[in-house]
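Next up is a structure, given as structure tokens.
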Amino acid sequence: MSEQDEDQIPMMQKLLDNPFILLFLGVATPSLLYLIWGIMEIVSIPLAK
Amino acid sequence: MDNQQFRVCPDTGLKFFRSAEALMKANAVAAVVFLLVGGIYGLGVGLTRWPAVHLLQADQFYLALTAHGINVLLFWCIFFEIAVLYFCSSVLLGCRLAAPKVAWAGFALMLIGALMNNYVVLQGNASVMFTSYAPMEAPPLFYLSLILFAVGALFGCFVFFGTLVIAKNEKTYEGSVPLVTFGAITAAIIAVFTIVSGAIILIPTLAWSVGLISHIDSLMYRLVWWAFGHSSQQINIAAQIAVWYAIASIVFGAKPMSEKVSRMAFLLYILFLQLASAHHLLVDPGVSSEFKMFNTSYAMYLAVMASMIHGLTVPGSIEAAQRAHGFNSGFFEWLRKAPWGNPTFSGMFISLIGFGFLGGITGVVMGAEQINIIVHNTLYVPGHFHATVVLGTTLAFMAFTYWLVPILFRRELIMKGLASWQPYLFGLGMSGVALFMMGAGTLGVPRRHYDISFSGTGGIVHEFPAAANTLMALNGLSVLLAVIGGASFCIIIVGSLLFGKKLGENEKCSVSMITAPPAEEAYEGIGKGPITVPGTLVLAMIFFVSFAVYYFINWKYLAETWGIG
């Protein structure tokens, strides 16, 4: 595939064709929205006195 | 590349890299062995929950429940998925496998972990169940075994990603990877998140069990553990859907209705499927409603939408291919004339219907914070995941195995008559298990309890409606049917590997193993008017109506639980 052909590939297809960007997104998204958010909420619970 | 390292399948033309082939065989065999072990424990669990039989004592029941859950939810599924990852990378892309020695090391770690876990659980003091909630403590070997298994599986994922790099660098394919491989990429990505989450919680829990740490916060444990425990089932879903697409292509020569739409649906899985873990925390007091509702009722619906897309495009692609093959009359000639005696197809289709109607719809009910409360921690939950993981994933993997035996293991199937019935036995039995457990759960029967009459609990008395006992008995009968179906599968597969007719390297199987795709022009004018797949649209409408009716029935149950006025 020539460089010119590669330039014509849509952005979304480039994303879907790159397993390592997908790997990053697939680990970062649930880490942020589930793990980190959840952990922050639990550690911010005040301790009983 | 030395051609001696490859074998070309005479039936399909697929290129098998010999190291990958040996690894796929090892992982697939290990998977079936652990399915057999887990199934035997499952029989014990099912017969104990049947009030009239009540087979096991309490301590035996919790041991069996622990061993059943871990053997089938983790060991069977993940061993098979590693085989699927190697198939979807090395075989489908026609390239060598990256680092076979690392792959074998991963397999060894997984096997040691799985054997160690069974040993520890059988000792009787690790009956902490699949969830192993802290502060309920198991011996250190229990946590170590799970960590070893997870690290081994992570090795398998790295080998898979390495193989993708090799295929790209060696230009063994052009353009994008096949859709089935893309589904496997989705499964591998979810697996990496799952395994890392498992390490985050299981390593400190191991340290706690050996006395290096004084305390594990139970709420923190539940939050992080479910990123491992629930996401491990999401690996199954992604792999199972990759298998659906593969079988549609193998049996019918079907092509995806829209590659773009299917890939976008997999992307939604990559981004949002793991967030469904939060529905296990819907009654936990330590996390906010914002956290719960975003992760379940908002983000999870994007993953649900992705499942519905796959549920539409897989049968849609089959319908289009069947119509192109000439079965173009009426709404359902394509379905009537499908090869229902071929277990690869029937298993896959029952998996699709069961996963959608029983597993999918009930999953959404459990993911809605308000109506989740009706069934939270009841038998409804195992009912739901027997519809997804067993009726959906396990049956899809069984269906694929029938195809893999001659293609990968070069053996003819034995007992083909029984094999053609097996998906129906297992599918019917497991549908009953799912439905009757969900029915009992709706009546309030708790999960993880060996005796719904609460005998021996020091005076706790609770009378469930009489229907609950009937449903538990029907569940027991369904377990028996499912076990007959599962045992038939194990006998057919193990028997075929040991006694099936050996196929020479260039000898074709006695039956056709792959269907050529219809010519492009055969797709012209199929369907009814502008609608190319009218039968699938009718099925989709039935699904949506069932979904809406069942969803609102649960809101009515909720309204009756807390009456107004």
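Is it the case that B:L498 is without any contact (Cβ under 8 Å) to a residue 40 or more places away in the chain, out of contact with any helix residue (DSSP H, G or I) (no Cβ under 9 Å at 6 or more places or on another chain), outside the structural domain of B:Q60 (by TED's automatic domain parsing) and under 25 Å from B:L425 (Cβ atoms)?
So B:L498 passes the test.
Hey, another quick one. Go through the range A:24-38 and give me each residue that's at the interface with chain B (Cβ under 7 Å from one of its Cβ atoms) and of a type in the set (V, I, T).
A:V27, A:T29
A follow-up question, please. Can you find a residue that is closer than 26 Å to B:A320 by Cα and more than 11 Å from chain A (Cβ to nearest Cβ) anywhere in the range B:227-235?
Within the range B:227-235, not a single residue is closer than 26 Å to B:A320 by Cα and more than 11 Å from chain A (Cβ to nearest Cβ).
Give the residues of the range B:185-233 that are on the phi < 0 side of the Ramachandran plot and assigned to a loop (DSSP other than H, G, I, E, B), sorted by residue number.
Matches in the range B:185-233: B:V210, B:L212, B:I213, B:S214, B:H215, B:I216, B:D217, B:H230.
Something else now. Out of the residues in the range B:269-284 meeting the condition of being more than 8 Å from chain A (Cβ to nearest Cβ), of a type in the set (A, V, I, L, M) and buried (at least 20 other Cβ atoms within 10 Å of the Cβ), tell me which one is nearest to B:T532 (Cα to Cα).
B:L273
Test B:L335 against the criterion of being in contact (Cβ under 8 Å) with a residue 12 or more places away in the chain, within 13 Å of chain A (Cβ to nearest Cβ) and surrounded by fewer than 23 Cβ atoms within 10 Å (Cβ to Cβ), and give yes or no.
So B:L335 does not fit the description; no.
So B:A58 ticks every box in (1) under 19 Å from B:L480 (Cα atoms); (2) in contact with an Asp or Glu (Cβ under 8 Å, 6 or more places away or on another chain) but one. Which box is left unticked?
(1)
Quick one: B:I70 ticks every box in (1) of a type outside the set (D, E, K, R); (2) farther than 16 Å from B:L379 by Cα; (3) surrounded by fewer than 19 Cβ atoms within 10 Å (Cβ to Cβ) except a single one, so which number is it?
Failed condition: (3).
Let me ask something else about it. Do we find a residue being outside any helix (DSSP H, G or I) and within 18 Å of B:G359 (Cα to Cα) anywhere in the range B:242-250?
no
Considering B:I247, B:I241, B:I237, which residue is β-branched (V, I, T), in contact with a His (Cβ under 6 Å, 6 or more places away or on another chain) and crowded, with 23+ Cβ neighbours inside 10 Å?
When all the criteria are applied, what remains is B:I241.
Another question, if that's okay. Take B:L43 and decide whether it is in the same structural domain as B:K101 (by TED's automatic domain parsing), closer than 22 Å to B:L111 by Cβ and within 21 Å of the chain's Cα centre (by Cα).
no
Turning to a different aspect of this structure: Using the structure shown, decide if B:A52 is modelled with pLDDT of 95 or more and outside the structural domain of B:W403 (by TED's automatic domain parsing).
Taking the combined requirement at face value, the residue does not satisfy it.
Taking the criterion of being within 27 Å of B:K15 (Cβ to Cβ), facing another protein chain (nearest Cβ under 9 Å) and among the hydroxyl-bearing types (S, T, Y), would at least one residue in the range B:190-199 satisfy it?
No, the range B:190-199 contains no residue that is within 27 Å of B:K15 (Cβ to Cβ), facing another protein chain (nearest Cβ under 9 Å) and among the hydroxyl-bearing types (S, T, Y).
Related question: Condition test on B:V180, is it β-branched (V, I, T), farther than 23 Å from A:S44 by Cα, away from chain A (no Cβ under 11 Å) and surrounded by 18 or more Cβ atoms within 10 Å (Cβ to Cβ)?
Considered against the rule, which asks whether it is β-branched (V, I, T), farther than 23 Å from A:S44 by Cα, away from chain A (no Cβ under 11 Å) and surrounded by 18 or more Cβ atoms within 10 Å (Cβ to Cβ), B:V180 comes out as yes.
Every residue, every condition in (1) surrounded by 21 or more Cβ atoms within 10 Å (Cβ to Cβ); (2) modelled with pLDDT of 95 or more; (3) of a type outside the set (D, E, K, R), yes or no:
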position: B:M110; (1), (2), (3): yes, yes, yes
position: B:G113; (1), (2), (3): yes, yes, yes
position: B:N118; (1), (2), (3): no, yes, yes
position: B:L122; (1), (2), (3): no, yes, yes
position: B:T131; (1), (2), (3): no, no, yes
position: B:A138; (1), (2), (3): yes, yes, yes
position: B:L141; (1), (2), (3): no, yes, yes
position: B:L144; (1), (2), (3): no, yes, yes
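Next up: Check off (1) surrounded by fewer than 23 Cβ atoms within 10 Å (Cβ to Cβ); (2) more than 19 Å from the chain's Cα centre (by Cα); (3) free of Cβ contacts under 8 Å to residues at least 24 places away in the same chain for B:A26 and give me the number that stays unchecked.
(3)
For (1) in the same structural domain as B:L148 (by TED's automatic domain parsing); (2) of a type in the set (A, V, I, L, M); (3) under 23 Å from B:K292 (Cα atoms), each residue gets a yes or a no:
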{"residue": "B:A207", "(1), (2), (3)": "no, yes, no"}
{"residue": "B:I213", "(1), (2), (3)": "no, yes, no"}
{"residue": "B:V224", "(1), (2), (3)": "no, yes, yes"}
{"residue": "B:A227", "(1), (2), (3)": "no, yes, yes"}
{"residue": "B:S232", "(1), (2), (3)": "no, no, yes"}
{"residue": "B:I235", "(1), (2), (3)": "no, yes, yes"}
{"residue": "B:A246", "(1), (2), (3)": "no, yes, no"}
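Given the structure, is B:Y173 under 16 Å from A:L35 (Cβ atoms), within 12 Å of another protein chain (Cβ to nearest Cβ) and of a type in the set (S, T, Y)?
No.
On to the next question. Hey, could you check the range B:529-565 for residues that are outside any helix (DSSP H, G or I) and without any contact (Cβ under 8 Å) to a residue 12 or more places away in the chain and say which is surrounded by the most Cβ atoms within 10 Å (Cβ to Cβ)?
My answer is B:I531.
Separate question: Quick one: which residue in B:S132, B:S145 is part of a loop (DSSP other than H, G, I, E, B) and not β-branched (V, I, T)?
That would be B:S132, the only listed residue that is part of a loop (DSSP other than H, G, I, E, B) and not β-branched (V, I, T).
Quick check: is even one residue across the range B:141-149 closer than 29 Å to B:L268 by Cβ, more than 14 Å from every other protein chain (Cβ to nearest Cβ) and of a type in the set (S, T, Y)?
no
Name the residue, out of B:N342, B:N377, B:N372, B:N328, that is farther than 22 Å from B:S307 by Cβ and at pLDDT below 95.
It is B:N377.
The values are calculated or read from the model by the stated rules, or taken from the named source; none is laboratory data. Keep in mind that what you see is a predicted model, and the values were worked out from it rather than measured. Don't worry about glycine lacking a Cβ; one is built from the backbone with ideal geometry, like all the others, and counts go over all protein chains shown.
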